[in-house]
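What follows is a short report on a single structure.
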2 protein chains.
Amino acid sequence: MKVRTGGVTAAKGFEAAGAEAGIKYKNRKDMAIVYSRRPCVLAGTFTSNVVKAAPVLWDKKVVEESPFGQAVIINAGIANACTGKEGYSYCDRTAKAAAKALGIPGESVLVASTGVIGMQLPIDRIEDGVVKLTKLKEATLAAGTQAAEAIMTTDTRSKQVAAEFEVGGVKVTIGGMCKGSGMIHPNMCTMLAFVTTDAVISKELLTKAVKEDVVDTFNMISVDGDTSTNDTLLVMANGMAENPEIKDNTPEYEEFKAALHYINESLAKMMAGDGEGATALFETKVIGADTKEHARILSKSVICSSLTKAAIYGHDANWGRILCALGYSGVQFDPEKIELFFESKSGRIQIYKDGVATNYSEEEASKILADPEVTVLVDMKMGDQTATAWGCDLTYDYVKINADYRS
Amino acid sequence: MKVRTGGVTAAKGFEAAGAEAGIKYKNRKDMAIVYSRRPCVLAGTFTSNVVKAAPVLWDKKVVEESPFGQAVIINAGIANACTGKEGYSYCDRTAKAAAKALGIPGESVLVASTGVIGMQLPIDRIEDGVVKLTKLKEATLAAGTQAAEAIMTTDTRSKQVAAEFEVGGVKVTIGGMCKGSGMIHPNMCTMLAFVTTDAVISKELLTKAVKEDVVDTFNMISVDGDTSTNDTLLVMANGMAENPEIKDNTPEYEEFKAALHYINESLAKMMAGDGEGATALFETKVIGADTKEHARILSKSVICSSLTKAAIYGHDANWGRILCALGYSGVQFDPEKIELFFESKSGRIQIYKDGVATNYSEEEASKILADPEVTVLVDMKMGDQTATAWGCDLTYDYVKINADYRS
């Protein structure tokens, strides 16, 4: 597998665009399209929130019932969540507008929204936006970037990634984009992520690969513990690489999964590191756990702890809060046996062993914690299972952004 | 039941004091004693965190194994958590020092600590402090206030409450104090709370009453989702009211439970409203739930949501976040059927019904949310079970306090 430039338009046959539709923001792109020249098999995972936004209900239906998907229309500014029947009818109208402009069936159009909950979409502007997008769309990498920019809300930077690998001597490409900064939490936590590939792969196997991978990628990040009503990951495979079909239990499937994992993990980490108000990506790696599930629970508990997140912001080696977060995770362990380390590009330091603090230097620890990517390494000394979770620090700006998000 | 002034010294035979021991702070009281002239039956609940501070381990042993308790020594500044065998030995030394000065058995002395995790106590200063406290202790209400002040950490005000009621024509008094501001979360979330009563009641019945009541009081508050290593509630009953013994399944027991509930709920709400950096007490009342447990889970989910807490701080009627928090709580419901209201002393307003926002006035909602005590009322329309949870808003100051707590 080789990392390459680009995002949703990296793979063959995918086009994209971003456009200004004036939904809520002024003077910025706020709608995007991702389009495939050939119909795609689809896989998707969606929010586990009981309160599901209209576009989530729409996309679940398309992913489950339609044999193929071909276009996604995305808007930022309004989430189309808690909008009742009227909100759902706007998904239908958006899809119909796209279907008409593109000459494809309405049931192959997916929709996604992000922004304020509870407001109705200005559907006329959405329909105008759809027409604009279908005219603008291109297969260039620049067009993919335009789309990635258009779907941002409180994100401070657009997020995309791409990779390529070979299947039977044929180059296959996979790429993705996402947005997400607030309302990010385990249980399909992305807000919105779109992955495109030209691989030839069945819907069943694509679904399996996605399902296996999200538990270690998107479901391992948290910005604020709030699982959104709109979380959506869509993966589209159009087969235009014309590789020999990827089959289960083959080295090619493993290669595909490695590339998918790279895309998903990269996008997930980008979201965590760009958490609302964040100044640092905060990673927690648990090793030596007795089970994989325990490793996941423990690592997520640490990155979700408000007190720990505030300490990371303060570059304060307040390791007691980490131990505290492990302790209330629900996993049983012996606090006297585990070991804690801080790690970053500035170095690595052991801070806790045999039930007490090591004789570490506060100055050195503070220096490690001042880096933009900080890792807490936890050795449970109970087995050989590992997991990694990603979050961010808790800052004044998180409060500022969220005390005044709607205005 | 009648509310009265005072705290831990309101009930007959209880003495208290606060003193400067120079543990971590300068020029403030940082140690307290609560002492009963007669041995007390004890009940206690403690943190569910796997990582338990040394004083928690000590007190669990005393509550479970000693027939009586007679004194509690409390210090602020250092939590004596994650301090290994050395930390536990300091509990023993503290208890021995108190036992010697008071002429009571060491196993009837309880200890409690709050503050930074991972540091060892300066045991010499603690021992000196114990001697000071035993000389200073008095049965006056003022002495109770001194104790309540001495146990504060990031609290902005001391917290105490008292009430009296009659059993067989005899006046019985109950009072309490607590501290707690950060690291407050369901599952025995108090940090430290001490309740004293002169009631004649058996240890078994006292334990039952406390156990039944904490699930609706201390376990229903959260400031930041971090369950502390030190959470402790101790209830001491010395029998000096000389009432006819309170027996199970009697009106007198119900009267006692009502008074205990008033004390516990008052202390719990004081902690939530004085959450680190808080400007408002944020209450969520769930009515019409199908089960009590669901009502509890739903109400706690709302008061724990960082996004909702930030919106309360901004006086922003961002009700979608409330619906979102209900939705990810794990309880199943139909979002189209439930109703949401905001309430405060400024009024009451319905904001959500039939799956969409009502036509409420943003200005009016904002005015309601600007009060120092704000309630979200959720009607689930599924049954007749209710629960109330208490938290606080999320502010810049929460971040400030916790990014720099140790320095």
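The values are calculated or read from the model by the stated rules, or taken from the named source; none is laboratory data. As the structure is a computational prediction, the values presented were derived from the model and not from experiment. Glycine also receives a Cβ, built like all others from the backbone with ideal geometry; neighbour counts cover every protein chain displayed.
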Using the structure shown, decide if residue A:231 is within 14 Å of another protein chain (Cβ to nearest Cβ), among the acidic types (Asp, Glu), touching a residue at least 40 places away in the same chain (Cβ under 8 Å) and under 13 Å from residue A:180 (Cα atoms). yes
Which residue out of A:278, A:295 is within 15 Å of residue A:220 (Cβ to Cβ) and crowded, with 19+ Cβ neighbours inside 10 Å? A:295
Of A:329, A:361, A:346, the only residue that is of a type in the set (S, T, N, Q) and touching a Ser or Thr at 6+ places or on another chain (Cβ under 8 Å) is A:329
When (1) crowded, with 24+ Cβ neighbours inside 10 Å; (2) in contact (Cβ under 8 Å) with a residue 40 or more places away in the chain; (3) under 20 Å from residue A:180 (Cα atoms); (4) within 13 Å of chain B (Cβ to nearest Cβ) are applied to residue A:305, the one that fails is (2)
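Residue-wise test of (1) of a type in the set (Val, Ile, Thr); (2) part of a helix (DSSP H, G or I).
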site: B:10; (1), (2): no, no
site: B:36; (1), (2): no, no
site: B:51; (1), (2): yes, no
site: B:62; (1), (2): yes, yes
site: B:71; (1), (2): no, no
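On the basis of being more than 30 Å from residue A:397 (Cα to Cα) and within 14 Å of another protein chain (Cβ to nearest Cβ), does residue B:261 make the cut? Give the derivation first.
Working: more than 30 Å from residue A:397 (Cα to Cα): yes; within 14 Å of another protein chain (Cβ to nearest Cβ): no.
No, not satisfied.
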May I ask you to list the residues in the stretch B:30-43 that are crowded, with 21+ Cβ neighbours inside 10 Å and either of a type in the set (D, E, K, R) or under 16 Å from residue B:192 (Cβ atoms) (or both)? B:30, B:31, B:32, B:33, B:34, B:42, B:43
When you look at residue B:209, is it modelled with pLDDT of 85 or more, under 26 Å from residue B:49 (Cβ atoms) and among the small types (Gly, Ala, Ser), yes or no? yes
Quick check on residue B:116: is it without any contact (Cβ under 8 Å) to a residue 12 or more places away in the chain and either over 16 Å from residue B:194 (Cβ atoms) or within 14 Å of another protein chain (Cβ to nearest Cβ) (or both)? no
Identify, please: which residue in the stretch A:161-206 is at pLDDT below 95 and of a type in the set (S, T, N, Q) and is, among those, nearest to residue A:14 (Cα to Cα)? A:190
In the stretch B:91-113, how many residues are within 29 Å of residue A:340 (Cα to Cα) and either more than 13 Å from chain A (Cβ to nearest Cβ) or acidic (Asp, Glu) (or both)? 4
Here is a list: B:87, B:13. Which entry is modelled with pLDDT of 95 or more and at positive phi? B:13
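For every residue, the table says whether it meets (1) part of a loop (DSSP other than H, G, I, E, B); (2) closer than 30 Å to residue B:399 by Cβ.
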{"position": "A:229", "(1), (2)": "yes, yes"}
{"position": "A:233", "(1), (2)": "no, no"}
{"position": "A:241", "(1), (2)": "yes, no"}
{"position": "A:249", "(1), (2)": "yes, no"}
{"position": "A:252", "(1), (2)": "no, no"}
{"position": "A:265", "(1), (2)": "no, yes"}
{"position": "A:268", "(1), (2)": "no, yes"}
Can you name every residue in the stretch A:1-50 that is closer than 24 Å to residue A:213 by Cα and among the aliphatic types (A, V, I, L, M)? A:1, A:3, A:8, A:10, A:11, A:34, A:41, A:42, A:43, A:50
Which ones in the stretch A:339-367 are more than 20 Å from residue B:83 (Cα to Cα) and either over 32 Å from the mean Cα position of the chain (by Cα) or not acidic (Asp, Glu) (or both)? A:344, A:345, A:346, A:347, A:348, A:363, A:364, A:366, A:367
Return the residue satisfying two criteria in turn: it lies in the stretch A:318-348 and is of a type in the set (Phe, Trp, Tyr) and within 9 Å of chain B (Cβ to nearest Cβ), and of such residues it is surrounded by the fewest Cβ atoms within 10 Å (Cβ to Cβ). A:333
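Each row is one residue, and each column tells you yes or no for (1) touching a strand residue (DSSP E or B) at 6+ places or on another chain (Cβ under 7 Å); (2) modelled with pLDDT of 95 or more.
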residue: B:35; (1), (2): yes, yes
residue: B:49; (1), (2): no, no
residue: B:62; (1), (2): yes, yes
residue: B:70; (1), (2): yes, yes
residue: B:96; (1), (2): no, yes
residue: B:107; (1), (2): no, yes
residue: B:110; (1), (2): yes, yes
residue: B:118; (1), (2): yes, no
residue: B:131; (1), (2): no, yes
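Conditions (1) of a type outside the set (Lys, Arg); (2) under 30 Å from residue B:305 (Cβ atoms), marked per residue:
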{"position": "A:4", "(1), (2)": "no, no"}
{"position": "A:7", "(1), (2)": "yes, no"}
{"position": "A:12", "(1), (2)": "no, no"}
{"position": "A:28", "(1), (2)": "no, yes"}
{"position": "A:37", "(1), (2)": "no, no"}
{"position": "A:40", "(1), (2)": "yes, no"}
{"position": "A:47", "(1), (2)": "yes, yes"}
{"position": "A:79", "(1), (2)": "yes, yes"}
{"position": "A:85", "(1), (2)": "no, yes"}
Filter the stretch B:352-407 for residues that are acidic (Asp, Glu) and outside any helix (DSSP H, G or I); which is nearest to the other protein chains (Cβ to nearest Cβ)? B:404
Residues (in a strand (DSSP E or B) and of a type in the set (Val, Ile, Thr)) located in the stretch A:12-34: A:33, A:34
With the first residue restricted to the stretch B:41-54 and required to be within 10 Å of chain A (Cβ to nearest Cβ) and without any contact (Cβ under 8 Å) to a residue 24 or more places away in the chain, and the second required to be surrounded by fewer than 24 Cβ atoms within 10 Å (Cβ to Cβ) and polar (S, T, N, Q), Cβ contacts under 7 Å at 6 or more apart or on different chains are B:50/A:332
